[in-house]
Amino acid sequence: MSNNLVYKTQCDVKAELDNYKQLVEDVLSMAKKKGASAAEVEASLSEGVSIEVRNNDIDKLEFNKDKGIGITVYLGKASASVSSSDTTLKALEDTVDKAIAIAKVIEEDQYSGIAEKELLAFDYPDLDLYHPWDISIDGLIDIAKECEQKAFSLDKRIVNSEGSFINTYSGIDLYGNTNNFIGSFAESRHSYGCSLIAKQDQEMHTDYWNTVARVPTNLKSINEIAQIAVQRTVSKLGTKKIKTERLPVIFNFSAAKTLIASFLGAISGGALYRGASFLLDSIGHKVFSDSITLLEKPYLLQGIGSSAYDGDGVKTQERALVDKGILQGYLLSCYSARRLGLKSTGNSGGVHNLHIKLPEQAQSFDDMVKSLKKGIIITDLMGQGINTITGDYSQGASGFMVENGEITHPVREITVASNLKDMFTNITSVGSDIDTRGNIQVGSLLVDNMMVASSY
């Protein structure tokens, strides 16, 4: 493969912003001329490369270039949405015609409609999200290969690989509506990592690690990623059974994210207006222990979840969702807000950079472990054992046993059970090991008094 094959996106993608803005304007104007009372348009253009390497051979090399436009038209309170990957004016006119034809036979929904003009983000900052990676394809492959090879060299118990991967992506996203709003931004995202297989006697386990960043130079080093992937994988060897009992449980930062995700689902508008949430009518009420403050921070420069406006064009806001355990607000789109008789919170599409504020008594993960006379660390969760209406929680899991402040052995095929309301209020310690790779940024959480059962 040629060393001069360079994957570049800056000219191909960001340079198209002005063209796509004009496209959005044209489609909105077209919809109004064809009789729509209101309309909104989403448009995107993206390029990316995905590579997978296994045992030093290339398993996958994919170039992706996608473009598309989604059009929603409103005829009063009736609406219809149609999308197209063809962005020629003739194709877009046909798409608008289809949407209008469908809207004419759709039942009206009194809550539908575009965002109120006063809510829209007409003035928004550049969040510095666009940093394409000028690197040859060979260079990308070399990183993936080196990560895998480094992992193999660190521990003889690493006997195979499920693959080392590397991805780079750049794109533009636009949203506009007939309230004279058009928002746009360019973004990039890069990642790499490896998934490994460890073996000892007849026991085999897999695990992985990766790094994610908007800016290529912010990616962690190959050595660090390989070392963590190896440590996570070999640490699973030597599994022992446990007995069923009530124990304190440390959800490591990966598992803790799933707890917070369950909370976010419970305060989302869709769950609330359907009555499918265990946190109905909970604003102003204590839903977590005093140690938990959760902040939404949409304006973080280069943040993975940063956005100046939501999927409705509504301005996002920096706020506390939870302040010292007390719920301060919901996650509402325009539609869900209308259903609930409330105001949009700028969360169409979800939360933007949810960050846990560390309390003064925050502990390192090691100190959290040392504090336990006996307990369980959960590293992996599986299954769908969460009742969003009642909060009942029962999840398959794996992790580690802790005795007298030390990790003694790994455990697998266990079940942890409680109720999310109780779990949230029984969080006794917050870890300082915050994982910043995703949109939900939390550390490990220590939950007291959960039922832990062995299933093998």
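The values are calculated or read from the model by the stated rules, or taken from the named source; none is laboratory data. Worth saying up front: this structure is predicted, and the values here are computed from it rather than measured. Note: ideal-geometry Cβ built from the backbone for every residue, glycine included; neighbour counts use all protein chains shown.
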From the options Asp312, Asp323, residue that is acidic (Asp, Glu) and either over 20 Å from the mean Cα position of the chain (by Cα) or surrounded by fewer than 19 Cβ atoms within 10 Å (Cβ to Cβ) (or both)
Asp323
Return the residues of the range 306-326 that are over 30 Å from Leu446 (Cβ atoms) and in a strand (DSSP E or B); say none if nothing qualifies.
Tyr309, Val314, Lys315
Residue count, the range 76-97 (criterion: under 28 Å from Asn19 (Cα atoms) and crowded, with 17+ Cβ neighbours inside 10 Å):
8
When residues of the range 330-343 are filtered for being in a loop (DSSP other than H, G, I, E, B) and either crowded, with 24+ Cβ neighbours inside 10 Å or on the phi > 0 side of the Ramachandran plot (or both), how many remain?
2
Taking interchain pairs and intrachain pairs at least six residues apart, which have beta carbon atoms under 6 angstrom, with the first residue in the range 419-440 and more than 18 Å from Pro359 (Cβ to Cβ) and the second assigned to a loop (DSSP other than H, G, I, E, B) and not aromatic (Phe, Trp, Tyr)?
Asn419/Gly391; Leu420/Gly391; Lys421/Gly391; Gly438/Ile304; Asn439/Ile304; Asn439/Gly305
Applying the selection to the range 11-65, what residues are surrounded by 17 or more Cβ atoms within 10 Å (Cβ to Cβ) and of a type in the set (Ser, Thr, Tyr)?
Tyr20, Ser37, Ser46
Criterion (on the phi > 0 side of the Ramachandran plot and surrounded by fewer than 22 Cβ atoms within 10 Å (Cβ to Cβ)) met by exactly one of Gly305, Gly349
Gly349
Name the residues in the range 303-324 that are among the basic types (Lys, Arg) and in contact with a Ser or Thr (Cβ under 7 Å, 6 or more places away or on another chain), would you?
Lys324
Quick check on my filter: what residues within the range 273-294 are surrounded by 17 or more Cβ atoms within 10 Å (Cβ to Cβ) and closer than 16 Å to Val322 by Cβ?
Ser277, Phe278, Leu279, Ser282, Val287, Phe288, Ser289, Ser291, Ile292, Thr293, Leu294
Cβ contacts < 7 Å: first residue within 12 Å of Gln302 (Cα to Cα), restricted to the range 183-194; second residue basic (Lys, Arg) and modelled with pLDDT under 95, any location; separation 6+ or different chain. Result?
Ala186/Lys14
Restricted to the range 360-378, and to residues that are touching a residue at least 40 places away in the same chain (Cβ under 8 Å) and farther than 20 Å from Asn449 by Cβ, which residue is surrounded by the fewest Cβ atoms within 10 Å (Cβ to Cβ)?
Ser364
Could you grab me the full set of residues in the range 224-252 that are surrounded by 22 or more Cβ atoms within 10 Å (Cβ to Cβ) and either hydrophobic (A, V, I, L, M, F, W, C) or part of a helix (DSSP H, G or I) (or both)?
Ile225, Ala226, Ala229, Val230, Thr233, Val249, Ile250, Phe251
Is it true that some residue in the range 321-343 is more than 30 Å from Asn177 (Cα to Cα) and touching a helix residue (DSSP H, G or I) at 6+ places or on another chain (Cβ under 7 Å)?
no
Looking at the range 412-422, can you tell me whether even one residue there is among the aliphatic types (A, V, I, L, M) and more than 24 Å from Ser277 (Cβ to Cβ)?
yes
Any chance you could count how many residues in the range 257-312 are over 24 Å from Tyr335 (Cα atoms) and basic (Lys, Arg)?
2
Quick one: how many residues across the range 271-305 are of a type in the set (Lys, Arg) and in a loop (DSSP other than H, G, I, E, B)?
2
